[in-house]
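Quick note: the coordinates plus some simple rules give every number you see, no bench work behind them. Values in this document were obtained by computation on a predicted structure and should not be read as measured data. Cβ placement follows ideal geometry from the backbone for every residue including glycine, while neighbour counts extend to all protein chains displayed.
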Amino acid sequence: MPLADVVLLNASYDLSLVYETSTQEQTAGGFTSMAYIHEPNANDEEPQSVFISRNWNISPRLFNDNTIIIIEIRNSEAGTIFAPKTILSLTEADQLARSGINSCGIASCPNSLWSSEDSKNTLPELKTKATLPFTLARLMFLECGNYAASPRTLVLFPPQPLRKRDGWLQRWNGH
């Protein structure tokens, strides 16, 4: 499959935010995420562990059409502080990654916040040139083998265009 097709498929969410002209009312939704890091003490037999959890107020269409996917990526040559051996990601059929965790303990549970501006029938004026889909940023974050590299990956990711639909005119750049 050509790279351009992969990028276009993974940009479908980004494009839906910019070009959707639906006037349907959207109900308030969103996610709640949590993380817990188990720090072992001297008497603890369990190793250090990272737990993440999230509720997902999914669209009935995603559930009914069976488009929710769990992806496991294995890299037998990795497993150092520079790259994880395994990445586990919960996602949708048109995205590289949504939420996930890797074998180095790096985890991501991004949340979407919506406002009354999100369902207005207006097309925003784009102020920036084309950029990469942010689902790629999520996957690149999970490909990091240590905490120092993960925020750097997001900060260096190309900025997203200004979006009127986000409720505020702001740039999305990271989680």
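Using 0.36 nm per residue, how much length does the chain from Ser76 to Asn41 gain when fully extended, once their Cα-Cα distance is taken away?
9.5 nm
State, in angstrom, two size descriptors of the stretch 48-113 derived from its alpha carbons: Rg to one decimal place and Dmax to the nearest whole number.
13.5, 40
Along Cα→Cβ, 7 Å out, is where each label goes; now give me the distance between the ones at Ala148 and Lys85 in nm to one decimal.
2.3
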